[in-house]
Amino acid sequence: TITCTGKEEARNWIIWRGGTPSDFVLRLDFNYKAGNSGVQVRSDDLGKHQVFGYQVEIAAKEKMGLWHHSLLGADPAKKVRHLMATAGQEVTISADGKKSVKQVATKEKIVAHCREGWNTMEIIAEGNTLTQKINGVIFSKVSDDDRRLSRRKGVIALQDHGKGCLVAFRNIRIKEQ
């Protein structure tokens, strides 16, 4: 088990440097207790335990299913990419960075599948599309063709947000397609 203790003052990532997978299925179990964390995929390794790219949020049940783009700072694209897709949404981002949202299920119906204790997350990366599942249920889906910010490959990392973040990960496995 990899455990984020929440003792750090700043966020950092545990980066898997075994490759920069493109199309894959990543499965892992997580146990959320407090704060927020996340799983980075197809991200850029910035060094010093920092990454830039797609993140699947791990947080309180009502916030689960949030995809966002980590470390955008003051970039104008932050409005579109900070909360790319929330629970029950299928999102398309066009080549020019515009977002369209389709709500395919209610947020309440989707987050009800999160339970106390251990949950299983699956992230499927296929072409321009990233799909997030929790306990076998599709939480959110993003199809990203943004010419500037979309990524087709990159590192995988687990976030320790610090400041009281208590999250554990186990049974991490990846299958490249």
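For the stretch 1-95, the equivalent ellipsoid derived from the Cα gyration tensor has semi-axes of 20, 17, 15 Å, listed largest first. Taking all Cα pairs closer than 8 Å and separated by 6 or more residues, the relative contact order of the chain comes to 41 percent. Rounded to the nearest 5, the antiparallel percentage of DSSP beta bridges internal to the stretch 79-177 is 75%.
Legend: calculated FRET efficiency, Trp118 to His49, from the Cβ-Cβ distance at R0 = 35 Å, rounded to 0.05, equals 0.85. For the stretch 68-78, the Karplus equation 6.51 cos²θ - 1.76 cosθ + 1.60, evaluated at θ = phi - 60°, returns couplings of 8, 9, 5, 6, 6, x, 8, 4, x, 6, 4 Hz by residue, with Gly and Pro reported as x. When the helices of the chain are scored as -39500 (n - 2.57) per DSSP H run of n ≥ 4 and the total is divided over every residue, the value at 222 nm lands at -1000 deg cm²/dmol. For the stretch 32-158, the dipole from Cβ point charges (+1 on Lys and Arg, -1 on Asp and Glu) about the Cα centre works out to 140 debye, to the nearest 20. 3J(HN,Hα) couplings calculated from phi for the stretch 131-139 with the Karplus curve 6.51 cos²θ - 1.76 cosθ + 1.60 (θ = phi - 60°) are, in sequence order, 10, 10, 10, 10, 6, x, 9, 5, 8 Hz; Gly and Pro show x.
The structure shown yields Kirkwood radius over Cα pairs in Å, and of the options (1) 16.0; (2) 16.8; (3) 17.4 that calculated value carries the label (1).
What the Cα atoms of the stretch 120-165 give is an Rg and a Dmax of 13.0, 36 Å. Looking at the chain, send over the antiparallel percent of its DSSP beta bridges, to the nearest 5. Just about 90 percent of them are antiparallel.
Computed 3J(HN,Hα) for the stretch 85-98, one whole-Hz value per residue from the Karplus formula 6.51 cos²θ - 1.76 cosθ + 1.60 where θ = phi - 60°, is 8, 9, 3, x, 10, 10, 10, 10, 10, 6, 4, 8, x, 8, glycine and proline marked x.
With the charge dipole of the chain set up from +1 on Lys and Arg Cβ and -1 on Asp and Glu Cβ about the Cα centre, the Cα lying farthest toward the positive end among the listed residues Leu158, Gly38, Gln177 is that of Gly38. Expressed per residue, the C-alpha convex hull volume of the stretch 40-138 stands at 117 Å³. Highest average first, the peptides 84-91, 31-38 ordered by how many other beta carbon atoms sit within 10 Å of their residues are 84-91, 31-38. Close amide H partners of Ala85, meaning residues 5 or more places away or on another chain with modelled amide H under 5 Å apart, are Trp67.
Coordinate-derived values only; no laboratory data. Fair warning: this is a prediction, and the values are worked out from it, not measured in the lab. We place every Cβ from the backbone using ideal geometry, glycine too, and count neighbours over all the protein chains shown.
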